[in-house]
Every structure is written in C-alpha cells, then in structure tokens.
There are 2 protein chains.
Amino acid sequence: MQQSRDILFRTLADPTRRAIFERLCRDGDLTVGVLTAGAGVSQPAVSKHLGVLKRAGLVRDHQEGRQTRYSAQIEALAPLIDWTKEMNGFWQSRFDDLEDLLNRMDQ
Amino acid sequence: MQQSRDILFRTLADPTRRAIFERLCRDGDLTVGVLTAGAGVSQPAVSKHLGVLKRAGLVRDHQEGRQTRYSAQIEALAPLIDWTKEMNGFWQSRFDDLEDLLNRMDQ
DNA sequence: TTAATTCATAGCCCTCTAGTTATGAGTTGT
DNA sequence: ACAACTCATAACTAGAGGGCTATGAATTAA
C-alpha cells in the first residue's frame, strides 16, 4: 500500500518516463518503435522505462507479431489521487479542529 | 509550468521528504527539532529536505526566536491534481472518439 | 560575557538510476 | 534458409542526490 504509493511516485518522477505515459494516455495503443521516435532517447532506454512503468502497473503490454504494443492503465493513478485527498483531509480536519476550538471559546 | 510540475513530482518522490510533508499536513506548524525527532534521519538531512520542499512551494517557514517553524502549503499540490485530471481527460476523450466513431458507423 | 540551544551550510561519500552501445531472441519476408 | 525487422537484456558509465559529520551563525539562558 505505502509500498505501491512509493513506487508510483518514484516512477512518475522521471520526466522522460512521465512523457511516455502521457503519450500513451493521449494516443492509446503504441509500439515501442513509435514511442522511441518521439522520446528523444534510445530504444533500449524506452524499453527500460516501459519496464518500470509496467512494474508500477501504469501500463500493459501485449505482443503483436514481432512488435509489442503498450497501453496506459489509468486506474493505476488511483493511489496518487487518494494521497492528495488524504493530504487535503488532514488539512481540512485541522481547520475543523480550529473551528471547534473557537466555538467552544464562544460559549 | 511544465517545469514546476517536474519539480513537484521529483520533490514528492523521496519517501523521507514526503513523510515530512505529510506530517506538516497533519500537525500544522512544526519546528525542525520536532520534525527531526520523528524523521529517522539527522537534523541536517531534515533541513535539506525542508529546503527542497520550500523551493517546490510545498512549505513555508518563519523564524520564531532561534527556531524555525515550517507549515505545509496544500495549494502547491494543485499541479499534481491538474495533471491527473489531464490524464483522465485524455483517456476520456479517446473513449468519446471511439463512441463517436461507433455512432457514425450506426448511421 | 559565556555557555547552551537551534538550525543551516559545507564538504564528503556512496548508492541508485538514466543514459549509452552491443548483442541476442523472436518474427516476418524473400 | 537467410536477411531484415522489432524489441529486450546485458554491461558499462556518468551524474544526481540523499545520507553523514563538522562547523558556523544566531538566539536565549545563566
């Protein structure tokens, strides 16, 4: 849980990798060759990034002849959204506590 | 913009640093000493993390005698939320395009 | 004034990772 | 069968960054 959250943050921290994921969100189902063309790094580098993304659950792959097509798994972003909500919750709850205190002081 | 998004992701990627930010979201306004006590790393390490968080706009500091109090700036998470929305948007838009195509095929 | 406290900075080390080239495994076309 | 292609893996390098200790600057207490 915390582990997967960690992996997610670390995986998305690299700009090249994040760009690949963004591209897959936009354009759907792409081969390694197509992704390499627009990535600005070598094909092995792209493959490595895709491996990391896959282990984080952010992409899926399936073979199609001699090429591999990758697609984004948007649901894998859920822990990220949960985390921001949690932080907002902490924040809000502290605000509520303050309000409670002020109310009690009114009495 | 893209730059600040990058900085935000990289800043939140480190677990120790993220834990410090989480703590500040929960507990509000804390000194470096208090943060160090629960951080599991040395005080200089904590100070360095706080510096990184500050440059990312995620925390604010103000002097209070010889100690420095830090507090979370929850609004700084906005680019993160925007990004996830953007990814979801791409995803949804592709889904809509597919729907459009299917509708046109119906005619 | 002197001593103690609180934090930031400097300097160093060590690990982790993103990049590269080289190559191999699997697939398609001739 | 052989050549061309698509991608993954191996091996290596360089740089970034997170950790530490040591120390200095500023404030408070004795």
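Where a number appears in this text, it was derived from the coordinates with a stated rule and is not lab data. Note that the structure is a prediction, hence the values are computed from the model and not measured. Cβ: placed from backbone, ideal geometry, glycine included. Neighbour counts: every protein chain shown.
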For chain A, longest principal axis from Cα atoms; helix A:43-55 axis from its Cα atoms; angle between them, nearest 10 degrees, is 40
What a careful reader reports for the chain B Cβ nearest the rotation axis onto chain A, distance rounded to whole angstrom, is B:Ala13, 2
With the label set 7 Å along Cα→Cβ, B:Gln43 is separated from its counterparts in the other copies, in nm and shortest first, by 5.6
Measure nothing fancy, just the Cα-based angle from helix B:15-27's long axis to the longest principal axis of chain B, in degrees from 0 to 90, nearest 10.
-> 80
Distance between modelled label sites at B:Gln2 and A:Asp29, nm, 7 Å Cα→Cβ extension | 2.8
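Which order do A:Arg55, B:Arg60 fall in if you start with the one that has the fewest other Cβ atoms within 10 Å? Let's see the in-between values first.
Values: A:Arg55 11, B:Arg60 15.
The fewest-first ordering by Cβ neighbours comes to A:Arg55, B:Arg60.
How crowded by other chains is A:28-38, given as the mean number of beta carbons from other chains within 10 Å of each beta carbon?
Details: counts 6, 1, 0, 0, 0, 0, 0, 0, 0, 0, 0.
Average per residue, whole number: 1.
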Which semi-axes, in whole Å and largest first, does the equivalent ellipsoid of chain B have when worked out from the alpha carbon gyration tensor as the square roots of 5 times its eigenvalues?
-> 42, 12, 11
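Explain nothing, just the number: dipole magnitude of chain A about its Cα centre with +1 on each Lys and Arg Cβ and -1 on each Asp and Glu Cβ, in debye rounded to the nearest 20.
On the way: 15 positive and 15 negative charges, 166 e Å.
Computed about the Cα centre, the dipole is about 800 debye.
Fewest first, what order do A:Val41, A:Val34 take by the number of other Cβ atoms within 10 Å? Show your work: numbers first, answer last.
On the way: A:Val41 13, A:Val34 16.
Ranking A:Val41, A:Val34 by Cβ neighbours within 10 Å, fewest first, gives A:Val41, A:Val34.
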Longest principal axis of chain A (C-alpha) makes with the long axis of helix A:2-13 (C-alpha) an angle, in degrees to the nearest 10, of 60
In segment B:1-37, which residues have a backbone nitrogen under 13 Å from the label point lying 7 Å from B:Ala45's Cα in the Cα-to-Cβ direction?
-> B:15-20, B:36-37
Shielding by partners - mean other protein chain Cβ count within 10 Å, residues of A:84-94 | 5
Nearby aspartates and glutamates by direct alpha-carbon distance to A:Lys48 (threshold 14 angstrom, same-chain neighbours under 8 apart not counted) = A:Asp14, A:Asp61
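On average, how many beta carbons from a partner chain sit within 10 Å of the beta carbon of a residue in B:68-78? Let's see the in-between values first.
Numbers: counts 0, 0, 0, 0, 4, 1, 6, 1, 0, 5, 1.
Per residue, the number of nearby Cβ atoms from other chains is 2 on average.
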Likely footprinting exposure, B:His49, A:His62, fewest C-beta neighbours within 10 Å first = A:His62, B:His49
If the label for B:Glu86 sits 7 angstrom from Cα along the Cα-to-Cβ line, what are its distances to the same label in every other copy, in nm to one decimal, shortest first?
-> 2.5
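Taking the Cα centre as origin and putting +1 on Lys and Arg beta-carbons and -1 on Asp and Glu beta-carbons, what dipole magnitude results for the protein assembly as shown, to the nearest 20 debye? Kindly include the intermediate steps, with their values, before the conclusion.
Details: 30 positive and 30 negative charges, 231 e Å.
That gives the protein assembly as shown a dipole magnitude of about 1100 debye.
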